[in-house]
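This report concerns only the one structure given below.
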Amino acid sequence: MEYKGRRQSSNVEDARGRKMAGAAIPIGLIIRVVTNMFGAKGLMFLAAAGIIAWQVGLFDPATLIGGGTQVTEVEFEASPEEERLVEFVAVTLADTEDVWSREFQRLGRQYQAPTLVLFRQQTPTGCGVGDARMGPFYCPADRKVYIDLSFYDSLEQEFSAPGDFAQAYVIAHEVGHHVQNLLGISDQVAARRGQSDFNEYSVRLELQADFLAGLWAHHNQRYLQQGDIEEAMQAANQIGDDAIQSRTQGRITPHAFTHGTSEQRMRWFNRGLESGRIEDGDTFEVPYSNL
Ligand SMILES: [Zn+2]
């Protein structure tokens, strides 16, 4: 895909220097010890000291909540190759903004672009702790796409899906989940959680995200180069949450348990690529056996 010198999205949040540490403060123990040693006055002194420490920035009360996960900013190094990837990702995200703004306009709606967060290893998200081992994911609660760029190495090496357009397809798929969120489709599926047909609905949701990625590629054809579509198809063939999640012990489930078969994924991507119209991607209307 041609990307050099093209518009980069301003909705990229670079959190690669964000480090999470499980620095839990055993507040219950501290209160007990202080009360035993110094009584209620000691406890009041502790509370006052805590408030002062918070006010001057020595201590974040958030560390007392949620198991005490602390986030700090650290210096990080990035190779020139990684910086090239950041540029590529920002251009791809800008492309999705252009395509979806136009498509929403056609539907008489306004597109609200998602934020794309670059992180390393772990990151706090609106959906719990995001872990790089889960692969890229979209969190509907904070409307952000999360990606650790090292996933692209796995895509090439472990999933045998090399090429920049395979990388673009991954982002377009996650942005597809954002589109589904804006259109209220994700909520309808989430509401079925716990019901016997929930897995079917999540497969429909995932295949539609592939369709939406294909739709994006349709409107982006002028930037495509020889072999790009094959790269995306190869990626669609190789990746799925089942494959990715089997390697993980992460704490959140970014999206469904299954994405459908490789054949289905390639077919729905292709359908989006050929059609370019959101109306042709209603994976919820098709009988499940014909999906
Ligand atoms: Zn997905």
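Glu200 satisfies every condition listed in (1) out of contact with any strand residue (DSSP E or B) (no Cβ under 7 Å at 6 or more places or on another chain); (2) within 26 Å of Ser101 (Cα to Cα); (3) of a type outside the set (Val, Ile, Thr) except (2). Cβ-Cβ contacts under 7 Å between residues 6 or more apart (or on different chains), taken from a first residue in the range 167-183 that is under 16 Å from Ser101 (Cβ atoms) to a second residue that is among the aromatic types (Phe, Trp, Tyr) and within 12 Å of the ligand (Cβ to nearest atom), are listed as His178/Tyr138.
Once the range 278-289 is narrowed to residues that are part of a loop (DSSP other than H, G, I, E, B) and either modelled with pLDDT of 95 or more or of a type in the set (Asp, Glu) (or both), the residue that is surrounded by the most Cβ atoms within 10 Å (Cβ to Cβ) is Thr283.
Residues considered: Glu200, Glu156. Of these, the only one that is within 15 Å of Gln238 (Cα to Cα) and of a type in the set (Asp, Glu) is Glu156.
Of all residues being among the hydrophobic types (A, V, I, L, M, F, W, C) and assigned to a loop (DSSP other than H, G, I, E, B) in the range 183-192, which is nearest to the ligand (Cβ to nearest atom)? Just the residue, please. Among them, the one singled out is Leu183. Scanning the range 270-279 for residues being more than 14 Å from Gln221 (Cα to Cα) and either hydrophobic (A, V, I, L, M, F, W, C) or touching a residue at least 40 places away in the same chain (Cβ under 8 Å) (or both) gives a total of 3.
Please go through the range 91-136 and give me each residue that is surrounded by fewer than 20 Cβ atoms within 10 Å (Cβ to Cβ) and touching a strand residue (DSSP E or B) at 6+ places or on another chain (Cβ under 9 Å), ordered by number. The answer is Thr115, Arg120, Gln121, Pro124, Gly126, Cys127, Gly128, Val129. From the list Gln234, Gln180, the one residue that fits, being in a helix (DSSP H, G or I), at pLDDT below 90 and either touching a strand residue (DSSP E or B) at 6+ places or on another chain (Cβ under 7 Å) or surrounded by 17 or more Cβ atoms within 10 Å (Cβ to Cβ) (or both), is Gln234.
With under 17 Å from Glu231 (Cβ atoms), in contact with a helix residue (DSSP H, G or I) (Cβ under 8 Å, 6 or more places away or on another chain) and within 16 Å of the ligand (Cβ to nearest atom) as the only criterion, which of His173, His177 stands out?
That would be His173, the only listed residue that is under 17 Å from Glu231 (Cβ atoms), in contact with a helix residue (DSSP H, G or I) (Cβ under 8 Å, 6 or more places away or on another chain) and within 16 Å of the ligand (Cβ to nearest atom).
Out of curiosity, is Gln226 within 15 Å of the ligand (Cβ to nearest atom) and free of Cβ contacts under 8 Å to residues at least 40 places away in the same chain? No: the conditions fail for Gln226.
Residue by residue, here is whether (1) under 17 Å from the mean Cα position of the chain (by Cα); (2) within 16 Å of the ligand (Cβ to nearest atom); (3) under 13 Å from Asp282 (Cα atoms) holds:
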position	(1), (2), (3)
Tyr146	yes, yes, no
Gln157	no, no, no
Phe165	no, no, no
Tyr169	yes, yes, no
Gly194	no, no, no
Asp197	no, no, no
Tyr201	no, yes, yes
His218	no, no, no
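The values are calculated or read from the model by the stated rules, or taken from the named source; none is laboratory data. Since this is a predicted model, take the numbers as computed values, not measurements. Neighbour counts are summed over all protein chains in view; Cβ atoms, including those assigned to glycine, are modelled from backbone coordinates with ideal geometry.
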